[in-house]
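J.: Quick one: this structure, given as structure tokens, is what I'll be asking you about.
Read-outs: derived from the displayed coordinates by stated rules, not from any lab. Quick caveat, the model's predicted, so the values are computed rather than measured. Here the Cβ positions follow ideal geometry from the backbone for every residue, glycine too, while neighbour counts run over all protein chains shown.
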Amino acid sequence: MARGIEIREAHFPGRAPIDTYGNGGFRFADMSHRGSILCLPSGIHGWDMDATKPLSVENLQRVIDEAADIEFLLIGTGVDMRPMPADLKAALKAAGISSDPMNTGAAVRTFNIMLMESRAVAAALIAI
């Protein structure tokens, strides 16, 4: 019995530094992903987010769900830095997560350094 292509949610089940970014995606762990990503303790997940969508508690719920293993969240906001809404910052703080928005390039570089230091870091990275 022939089966068609199976589309699954993008997920790499481990922690890995980001090798490159740009052209609408990221390269990590000898793989590439087109679109935005969440780098969490549970792995690297595809994230349905772009620079036109607002940052919100709703679109970062997966981060909050893994708060027990995250001390710091880097938010790569695309080409330009943009502020976080107060309710999102408050929800992350209530979950015990410090957060810092910055452009995606700075977030990738900072994430890689903190990951090498074995820090409890996560990243929400909007593709550029």
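J.: Give me the Kirkwood hydrodynamic radius of the chain, using the inverse of the mean 1/r over all pairs of distinct Cα atoms, in Å to one decimal. Before the final figure, lay out the partial values.
T.: On the way: mean 1/r = 0.0679 Å⁻¹.
Roughly 14.7 Å, rounded to one decimal.
J.: Follow-up. Starting from the Cα of Asp65, step 7 Å along the direction of its Cβ; do the same at Ala120; then give the gap between the two resulting points in nm.
T.: Modelled inter-label distance: 1.9 nm.
J.: Arrange Met84, Met49 by Cβ neighbour counts within 10 Å, fewest through most, would you? Could you put the intermediate results ahead of the total?
T.: On the way: Met84 18, Met49 22.
In order of increasing Cβ crowding within 10 Å: Met84, Met49.
J.: Could you check which residue among Met81, Met102, Met116 shows the biggest mean-square fluctuation in a GNM of the chain with a 10 Å Cα cutoff?
T.: Met116
J.: Given charges of +1 on the Cβ of Lys and Arg and -1 on the Cβ of Asp and Glu, with all other atoms neutral, how large is the dipole of the chain about its Cα centre, in debye to the nearest 20? Let's see the in-between values first.
T.: Working: 12 positive and 15 negative charges, 34 e Å.
Charge dipole of the chain: 160 debye, to the nearest 20.
J.: Here's another thing I want to ask about it. If Lys and Arg each add +1 and Asp and Glu each add -1, what is the summed charge of the other residues whose beta carbon sits under 11 Å from the beta carbon of Asn103?
T.: +1
J.: Give the percent of DSSP beta bridges with both residues in region 29-118 that are antiparallel, rounded to the nearest 5. Write down the numbers at each step before the final one.
T.: Values: 5 of 10 bridges.
Antiparallel: roughly 50 percent of the beta bridges in region 29-118.
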